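Working notes, beginning with the structure itself.
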Amino acid sequence: MGQSAEFGKFLKAMRSRLNPEDAGAEGTSGARRVPGLRREEVARLAGVSTDYYIRLEQGRNIHPSRAVLDSVSRALRLDSGEHAHMMDLLENCAGSTRASAPAQGVRPALRQFLEAVGDVPALVLGRRTDVLAGNRMAFLLFTDFPALPAHERNLTRWLILDSQAKELFRDWKTVAAEAAGALRVDVGRHPNDAQANQLVGELAVHSEQFRQWWAGHRVATRSAGSVRLHHPAVGDLELNFENLVLPDDQDQMLRVYSAKPGSPSADALALLGSLGADARGADTGPEPQQRFTAEAFPPAASEN
């Protein structure tokens, strides 16, 4: 395993969030100059020497065993997603010469599936939370991603920088912070992705809140959850979502939103779909209609 400075920064951030009493560290005298546990306290909880742990946190080029990493993870109380991210930071270190991954494409059959489930919003998200494809209901519920410039078709970018998203999500801060956490997971897996680094830079320049979230090294890997929305056309909705990783590309995820049958949110979704159908019927040219289909996203050059 290699090592990167990001690995050390992650350990420090995780250490700073812990309360000494909650982590089971013995009390020590003297005022604390920094929040959270001291390095020697983490080392003691992990069963390693203080010098060794300091070298880990400083990003030294050492090669910790899996047993040591597991012990450090337990000492820092990492959850499964945080533990996996820690391993990514070691295995995919920034100094790696690994070639960049090829451009992602969406299989035609998956595009057809998106339209087949046209009564519920569905998106295919790729690396960096890029919106690779979606159906008409997703674009009606969120925004018309196909109409955006290619570099702006990114869910995290839209969530954090677009004022429409801040008005749409009733718990915007929670949703946006989780999106930033999902982006951090992706950067840990693909540290040499120039587009990801550009996206992080853009978000950091334009959003103080993103800068705070990014500095906290939070990661987010939820496979399911719920969101509360206030849509300008149909009012309040409470939707569940499922994230399904696609077996033929672990960096692609199908996200489907649904409402409880018979609920006001289900009625609101149905109304949104009918309003969208009415809007399409009023258009006489093909372009406005095409923007609401999954095919509006041209396949990548590498796609068969």
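The values are calculated or read from the model by the stated rules, or taken from the named source; none is laboratory data. Treat the numbers as computed from the prediction; the structure is a model and nothing was measured. As a convention, Cβ positions derive from the backbone with ideal geometry for all residues, glycine included, and neighbour counts pool all protein chains shown.
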Report task. Identify, from the list ALA116, ALA138, ALA147, the residue that is under 27 Å from PRO261 (Cα atoms), in the same structural domain as ALA176 (by TED's automatic domain parsing), among the hydrophobic types (A, V, I, L, M, F, W, C) and in contact (Cβ under 8 Å) with a residue 40 or more places away in the chain. Result -> ALA138
Requested in this report: Working only within region 238-270, note down all residues that are hydrophobic (A, V, I, L, M, F, W, C) and more than 14 Å from ALA138 (Cα to Cα).
Outcome: LEU244, VAL245, LEU246, MET253, ALA266
**Report entry** Test: residue in region 109-127 that is touching a Gly at 6+ places or on another chain (Cβ under 6 Å) and under 16 Å from LEU246 (Cα atoms)
**Finding:** yes
Report task. Return yes when ARG222 is more than 22 Å from GLU82 (Cβ to Cβ), of a type in the set (Lys, Arg) and exposed (fewer than 15 other Cβ atoms within 10 Å of the Cβ) and no when it is not. Result -> no
Query raised in the report: Here are some residues: GLU57, GLU82. Which one is of a type in the set (Asp, Glu), buried (at least 17 other Cβ atoms within 10 Å of the Cβ) and at pLDDT 90 or above?
Result: GLU82
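Report, by residue number, each residue of region 58-76 that is without any contact (Cβ under 8 Å) to a residue 60 or more places away in the chain and either among the small types (Gly, Ala, Ser) or within 30 Å of SER223 (Cα to Cα) (or both).
Correct list: GLY59, SER65, ARG66, ALA67, VAL68, LEU69, ASP70, SER71, SER73, ARG74, ALA75.
Results for (1) part of a helix (DSSP H, G or I); (2) of a type in the set (S, T, N, Q), shown as yes or no for each residue.
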| position | (1), (2) |
| --- | --- |
| VAL120 | no, no |
| VAL124 | no, no |
| LEU132 | no, no |
| PHE139 | yes, no |
| THR143 | no, yes |
| PRO146 | yes, no |
| HIS151 | yes, no |
| TRP158 | yes, no |
Report summary line: Log entry, pairs with first residue in region 39-54 being without any contact (Cβ under 8 Å) to a residue 40 or more places away in the chain, second being outside any helix (DSSP H, G or I), beta carbons closer than 6 Å, six or more apart or on different chains, reads GLU41/ALA25
Query raised in the report: Just wondering, is there one or more residues in region 102-109 that are assigned to a helix (DSSP H, G or I) and modelled with pLDDT of 90 or more?
Result: yes
